Amino acid sequence: MSWIDQHPDMAGAFAAVAEAKSVEQKLFREAMSRLGAAVHVITTDGHAGKTGFTATAVCSVSDAPPTLLVCLNRAATSMPILRGNGVFCVNTLRAGDELIADTFAGRTKVAREARFETGEWGKLSTGSPALMSAVIAFDCRVIEIKAVASHDIYFGIVEAIHQGGSGAALVYHDRLYKQL
Ligand SMILES: Cc1cc2nc3c(=O)[nH]c(=O)nc-3n(C[C@H](O)[C@H](O)[C@H](O)COP(=O)(O)O)c2cc1C
């Protein structure tokens, strides 16, 4: 049985994608590089294992109840771990934590298991690692996962918040880390 047969509610969305005319991927990526965004490390820990990855695709969805979304490439090694645990923490990085961003993006070639050796980590409500130096950390429980194109969108209800030190936040713009 195909994926779409198992998810008949998605049939309409797939028909729309087939009819849509998109710009070239290269042009889209170039355009997105001009869109400045906060840099976060998304973490999770539980029976499926412990992992974390750098992400800018994070967005507020609702404040009643407080809900966030995070987009994760289904090809990422973190995908089955996040899906299996059903919890995550969004750690918004402060300026100066570029090494943490690069480590969790796989740019420093540190093994996935050793990524947490960079930075000071604690726990809030769900057991997901929370970065003590984060500008802000949102500890979330997954309520829904939606597959769109290459990514899974994880919707999570915020169970706890940690406010780290004040100061400038880390943003990614023009393929460079900057401060805001
Ligand atoms: C600034 C920046 C932003 C990123 N944003 C995302 C994102 O929103 N979603 C995503 O799936 N990967 C994103 N990535 C790529 C992941 O961090 C990277 O592929 C990660 O190492 C994949 O996880 P894995 O190591 O578990 O395979 C981003 C990378 C960087 C450097």
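The values are calculated or read from the model by the stated rules, or taken from the named source; none is laboratory data. Note that the coordinates shown come from a computational prediction; the quantities given were computed from them, not determined experimentally. Using ideal geometry, Cβ is built from the backbone for each residue, glycine included, and neighbour counts are taken over all protein chains shown.
Considering each residue of region 130-146 in turn, none proves to be part of a loop (DSSP other than H, G, I, E, B) and either at positive phi or out of contact with any Gly (no Cβ under 7 Å at 6 or more places or on another chain) (or both). Would you confirm whether any residue within region 118-141 is loosely packed, with under 13 Cβ neighbours inside 10 Å and closer than 21 Å to Leu82 by Cβ? Scanning region 118-141, I find at least one residue that is loosely packed, with under 13 Cβ neighbours inside 10 Å and closer than 21 Å to Leu82 by Cβ, so the answer is yes. Between Asp139, Asp174, the distinction of being out of contact with any Leu (no Cβ under 9 Å at 6 or more places or on another chain), under 17 Å from Thr54 (Cα atoms) and modelled with pLDDT of 95 or more belongs to Asp174 only.
Residues in region 122-157 that are of a type in the set (Asp, Glu) and in contact with a Lys or Arg (Cβ under 6 Å, 6 or more places away or on another chain): 1 in all.
Is it the case that some residue within region 96-107 is surrounded by 18 or more Cβ atoms within 10 Å (Cβ to Cβ), at pLDDT 95 or above and closer than 18 Å to Glu159 by Cα? No, region 96-107 contains no residue that is surrounded by 18 or more Cβ atoms within 10 Å (Cβ to Cβ), at pLDDT 95 or above and closer than 18 Å to Glu159 by Cα.
Within the bounds of region 59-80, is there any residue that is within 15 Å of the ligand (Cβ to nearest atom) and in a helix (DSSP H, G or I)? Scanning region 59-80 turns up at least one residue that is within 15 Å of the ligand (Cβ to nearest atom) and in a helix (DSSP H, G or I).
Would you check which residues across region 36-84 are basic (Lys, Arg) and touching a helix residue (DSSP H, G or I) at 6+ places or on another chain (Cβ under 8 Å) and list them? Spell out the reasoning first.
Quick first cut of region 36-84, residues basic (Lys, Arg) only: 50, 74, 83.
The answer is Lys50, and nothing else.
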